[in-house]
Amino acid sequence: MTRVLILGANGQLARNTTRYFLEHSDAQLRLYLRRASRLANPDPRRVDIVEGDVLDQSTLQAAMRGQDVVYANLAGSMAQQATSSVAAMHATGLRRLIFISSMGIYGEVPGEPYRSVLDPYRDSAAIIEASDLDYTILRPGWLTRDEAVDYRITQKSEPFRGRDVSLNSLSDLIAKLALTPGLQVRSSLGVSRG
Ligand SMILES: NC(=O)c1ccc[n+]([C@@H]2O[C@H](COP(=O)([O-])OP(=O)(O)OC[C@H]3O[C@@H](n4cnc5c(N)ncnc54)[C@H](OP(=O)(O)O)[C@@H]3O)[C@@H](O)[C@H]2O)c1
């Protein structure tokens, strides 16, 4: 049974993926977020909740102990958060990281020039790619609430295809990545509706 630490657990995609893990796997989840009182525990037998900021090394390292996989669902100061996450994983001996980024960070979307609003996503991805961790970076298109699981993957060397992707599609992929050893390790994947 895999233990998954979810960083930024009150995020829209993180909440959807928490539900998805609970419904589709036997994974144990640790939800890490600021102001934890915002989140009710959806299943106390399988979920525990830790209050903390990803930039707080000691709290983050304590939360990582005993976990198998880190799934980072962050926003804002992404480069600092990536640096902090990589450092805490090194300190605690964790290797598997799934990190949510955005489409467009390599200028890989046909017809769309790179925009500086993506700098935090590009810079955090570069920090993770420079690490020795078993990472998978996901670059989703626009998130939709469409229920369907329907997505295609493009590798870093390929142009991004499509525009949007459902939350459920991403949650399905995140769960597969977390629970399948070696799947798409050291990859940066574009994810969009097929
Ligand atoms: N919406 C789209 O169409 C789209 C498309 C592609 C990519 N993305 C990106 O995909 C990522 C996930 O999406 P989402 O909708 O789940 O984002 P979200 O709802 O904005 O969630 C991001 C979470 O990161 C947390 N966070 C930020 N700084 C933190 C810190 N220092 N310590 C702990 N937690 C911190 C926030 O916590 P607080 O609640 O405490 O602020 C928030 O809950 C985001 O980066 C988003 O920009 C979105």
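Between L29, L22, the distinction of being assigned to a helix (DSSP H, G or I) and within 18 Å of the chain's Cα centre (by Cα) belongs to L22 only.
A40 passes every criterion in (1) more than 10 Å from the ligand (Cβ to nearest atom); (2) under 14 Å from the mean Cα position of the chain (by Cα); (3) among the hydrophobic types (A, V, I, L, M, F, W, C) apart from (2).
Specify the residue that is most open to solvent (accessible area, probe 1.4 Å); the eligible residues are those in the range 95-115 that are of a type in the set (D, E, K, R) and within 15 Å of the ligand (Cβ to nearest atom). If we take residues in the range 95-115 being of a type in the set (D, E, K, R) and within 15 Å of the ligand (Cβ to nearest atom), then R115 is most open to solvent (accessible area, probe 1.4 Å). If the condition is being modelled with pLDDT of 95 or more and either open to solvent by 90 Å² or more (accessible area, probe 1.4 Å) or aromatic (F, W, Y) (or both), then the range 153-162 contributes K156, F160, R161. Counting the residues of the range 8-37 that are closer than 16 Å to F99 by Cα and either near the ligand (Cβ under 10 Å from one of its atoms) or surrounded by fewer than 17 Cβ atoms within 10 Å (Cβ to Cβ) (or both) gives 12. Candidates are the residues of the range 58-74 that are surrounded by fewer than 15 Cβ atoms within 10 Å (Cβ to Cβ) and within 15 Å of the ligand (Cβ to nearest atom); the one that is farthest from L179 (Cα to Cα) is S58. One residue alone among V54, V4 is assigned to a strand (DSSP E or B) and open to solvent by less than 60 Å² (accessible area, probe 1.4 Å), and that residue is V4. If the condition is being of a type outside the set (D, E, K, R), part of a loop (DSSP other than H, G, I, E, B) and more than 11 Å from the ligand (Cβ to nearest atom), then the range 121-159 contributes A130, S131, L133, A148, V149, Y151, Q155, S157, P159. Scoring A178 on the criteria (1) assigned to a loop (DSSP other than H, G, I, E, B); (2) under 24 Å from A87 (Cα atoms) leaves a single failure, condition (1).
The values are calculated or read from the model by the stated rules, or taken from the named source; none is laboratory data. Predicted model, so just to flag it, every value in this text is computed and none were measured. Neighbour counts are summed over all protein chains in view; Cβ atoms, including those assigned to glycine, are modelled from backbone coordinates with ideal geometry. Quick note on the areas: whole protein, heavy atoms, side chains included, nothing else; ligands and nucleic acids left out. Shrake-Rupley method; radii C 1.70, N 1.55, O 1.52, S 1.80 Å.
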